Amino acid sequence: MDGIARVGAFVGRWFALVVVAAGAVALATPDTFAGGAVLVPYLLMLIMLGMGMTLRPADFAVVARRPWALLLGVAAQYVVMPGVAWLLTQALELPAAVAAGVVLVGAAPGGTASNVMVYLARGDTALSVAMTSVSTLLAPLFTPLLVLWLAGEYLPVDAGGLFTSIVQIVLVPVLLGLVLRLVVPRAVERVLPALPLVSVAGITVVVAIVVAGSADTIATVGAVVVLAVVLHNGLGLALGYAVGRLSGMDVAARRAISIEVGMQNSGLAAGLATVHFGPAAALPAAVFSVWHNVSGSLLAGWWARRPDARPGAAGRASGRGVPTAGRSGRAP
């Protein structure tokens, strides 16, 4: 497993470039991935199962210790990103399918790569992991309702179908993974080193399928989609930090909330868009998959050089050490 762990760490480090390369291949030869859309939900189920296997009861301890910080962070996740998404669709006058895709990205739960970014940024890792986990478990309720409310004007939205898909793709695999971690911990520990490779490979294939199916759309609205994604992500990071600052949280917690709010589970958004709206709606999620890893890495590196110097800050920022996502490679 040491060799697999090294390969997983390498591809995780270069994830953005791997996805860009796959997208370029898909754009050049879209027929290569024809019919691949049926695989997307199953790839996401596998990735979410891996996420569940990385979870431990200790990841939720922050709920009891600091419920206010967690509740505020999750609330910001489901208010800031959907709200910004809707405003951008109005301001940029996006085509209906693309607009629905931007809203779906905004209504998705937090992206799990954020846990690694928060750790690297000397943020509150425990708060980050708890926010990702709780927002993911709440996704079957909030994501369909938000998409119905904010994207119903663009395309017909089957909220019940979205709920069922999220339960099948997210909730069941995550809970199954958590149960496996509790029931057969030794077996799970043996496969954890392989999960980064599984996650990166899964998201890469999803992005390639989406790009191939959206080749015609990319030719006409590719630039405006990139602009929407960059603004969406940037405003999410900035407003997430502002929420933490205005509520009086320490710097480590502000960094955690900023990154958690700004980084979405774009793989899930791409899968749901492919199943319920079509490839064009999945395009914003595919672009987001690449961009938020680039922006998150840059921001984490910048913050890492500006640690919170107040007494006790280092302990809070480091949380419980390297985040679970960093060891197991939860879905980007």
With runs of 4+ DSSP H residues as the only contributors, calculate the mean residue ellipticity of the chain at 222 nm using -39,500 (n - 2.57) per run, divided by the residue total and rounded to the nearest 500. -25000 deg cm²/dmol
Estimated distance in nm for a label pair at Arg306 and Val63, the labels positioned 7 Å out from Cα along Cα-to-Cβ: 3.4 nm
Can you figure out the FRET efficiency of Ser247 with Val179, using R₀ = 30 Å and their beta-carbon distance, to the nearest 0.05? 0.30
Roughly what would the spin-label model give for Arg190 and Val25, points 7 Å off Cα along C-beta, in nm? 3.1 nm
Would you kindly calculate the translational diffusion coefficient of the stretch 251-297, applying Stokes-Einstein with the Kirkwood radius from alpha carbon pairs, for 20 °C and a viscosity of 1.002 mPa s, and quote it in µm² s⁻¹ without decimals? 188 µm²/s
Sorted from largest down, what three extents in whole angstroms do the Cα atoms of the chain have along their principal axes? 54, 45, 37
Show me the trypsin sites (Lys or Arg not before Pro) within the stretch 214-278 that DSSP assigns to loop and that have at most 11 other Cβ atoms within 10 Å of their Cβ. none
With label points set 7 Å from each Cα along the Cα-to-Cβ direction at Val172 and Leu141, the distance between them in nm comes to 2.1 nm
C-alpha center-to-center spacing [the stretch 11-63, the stretch 269-290] in angstrom: 12 Å
Rounded to the nearest Å, what's the spacing between the alpha carbon centres of the stretch 191-209 and the stretch 92-115? Just the number, please. 21 Å
How much length is gained if the chain between Leu39 and Thr164 is pulled fully straight, taking 0.36 nm per residue apart and subtracting their Cα-Cα distance, in nm to one decimal? 43.3 nm
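Each value in this text was obtained by applying a stated rule to the coordinates, not by laboratory testing. Quick caveat: nothing in here was measured; it's all calculated off a predicted structure. Every residue, glycine among them, receives a Cβ derived from its backbone with ideal geometry; neighbour counts consider all protein chains shown.
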